[in-house]
Amino acid sequence: AHGINAGVLRAHREGIVTAATLMANAYAATEAGLLARETPSLDVGVHLTLTYGRPLADSRLLPSLVEPDGTFPRAPEAFRGTGRANRDEALVEYSAQYLRAAELIGHAPSHLDTHHWLHDEPALEWAIAALAGETGAAVRPHDGVQRGRLRAAGVRTVDAYLREFQHDRVDATTLERIFATIADGVVELGCHPGEADAELAATSSYAALRPIELATLTDARARASVDRHGIVLTTYADLP
């Protein structure tokens, strides 16, 4: 959404956000690509989705992924634990989203993740790993076991991914606690900054929390906490 684009940019320019992923089939994706081109210091990857909007590949090639009207289902439960997704179809659509994102930002995206954490599903983990193998992009791992599988397949990942900064835990105290206990290595802390956006508010249950996250991420206390705990901000683009 436009509000997410504005929030990510502010969180990068005024705060501690170093990387973001772009949802290539969303209505504000073209704007996001323009902003990314104007902000080369922001590392950009692809937020692969099967639960928002319409596919970028021909929906007739994706019978296991789409509803009868050719759109993606909105609920992640459509895929979680159902075995519904065909892995080859998912790779077709993921590839289309990757190529569109690359076109929008003007270079190869550095990393991949999924909307609603869907690559916890085996078929979708296979598809994202296959795309990473084809493109050289890194992949966000959701836990140590998945990290091990991805690395065994030759896919670059961070050492850990943290999702504790969300929902009712997005204040400065929470951020300080996370930074105080963060382990050695390259760690991604997920976040969802955004400016107020009426259209987003009408379609997303998380819209109201995005400006709160943004305020925390741009608060001077966040930068001070990073420095106090000896954390070096980095990006997926710099991942070995």
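The values are calculated or read from the model by the stated rules, or taken from the named source; none is laboratory data. The model shown is predicted, which means the values in this text are computed figures rather than measured ones. Cβ sites come from the backbone with ideal geometry, for glycine too, and all protein chains shown count toward neighbours. Heads up: the accessible areas ignore ligands, DNA and RNA and are worked out on the full protein's heavy atoms, side chains in. Shrake-Rupley method; radii C 1.70, N 1.55, O 1.52, S 1.80 Å.
Quick notes on this one:
- No other residue among S95, S59 is closer than 21 Å to Y27 by Cα, buried (at least 16 other Cβ atoms within 10 Å of the Cβ) and over 18 Å from the mean Cα position of the chain (by Cα) apart from S59.
- Qualifying positions in region 136-148 - over 14 Å from the mean Cα position of the chain (by Cα) and surrounded by 16 or more Cβ atoms within 10 Å (Cβ to Cβ): Q146, R147
- Exactly one residue out of A202, A172 is open to solvent by 40 Å² or more (accessible area, probe 1.4 Å) and more than 17 Å from H115 (Cβ to Cβ), and it is A202.
- Residues in region 175-199 that are surrounded by 12 or more Cβ atoms within 10 Å (Cβ to Cβ) and within 30 Å of A132 (Cα to Cα): I178, F179, I182, V186, V187, E188, L189, G190, C191, H192, P193, G194.
- Failed item, numbered, when A36 is tested on (1) assigned to a helix (DSSP H, G or I); (2) open to solvent by less than 20 Å² (accessible area, probe 1.4 Å); (3) free of Cβ contacts under 8 Å to residues at least 60 places away in the same chain: (3)
- Test: residue in region 150-163 that is surrounded by 12 or more Cβ atoms within 10 Å (Cβ to Cβ), under 26 Å from A1 (Cα atoms), touching a residue at least 12 places away in the same chain (Cβ under 8 Å) and in contact with a strand residue (DSSP E or B) (Cβ under 8 Å, 6 or more places away or on another chain): yes
- Residue list for region 107-128, restricted to those being surrounded by fewer than 22 Cβ atoms within 10 Å (Cβ to Cβ) and among the aliphatic types (A, V, I, L, M): A108, A123
- Lone unmet requirement of (1) crowded, with 18+ Cβ neighbours inside 10 Å; (2) not in a loop (DSSP other than H, G, I, E, B) for E103: (1)
- Considering (1) touching a helix residue (DSSP H, G or I) at 6+ places or on another chain (Cβ under 6 Å); (2) without any contact (Cβ under 8 Å) to a residue 24 or more places away in the chain, the lone condition that L131 does not fulfil carries the number (2).
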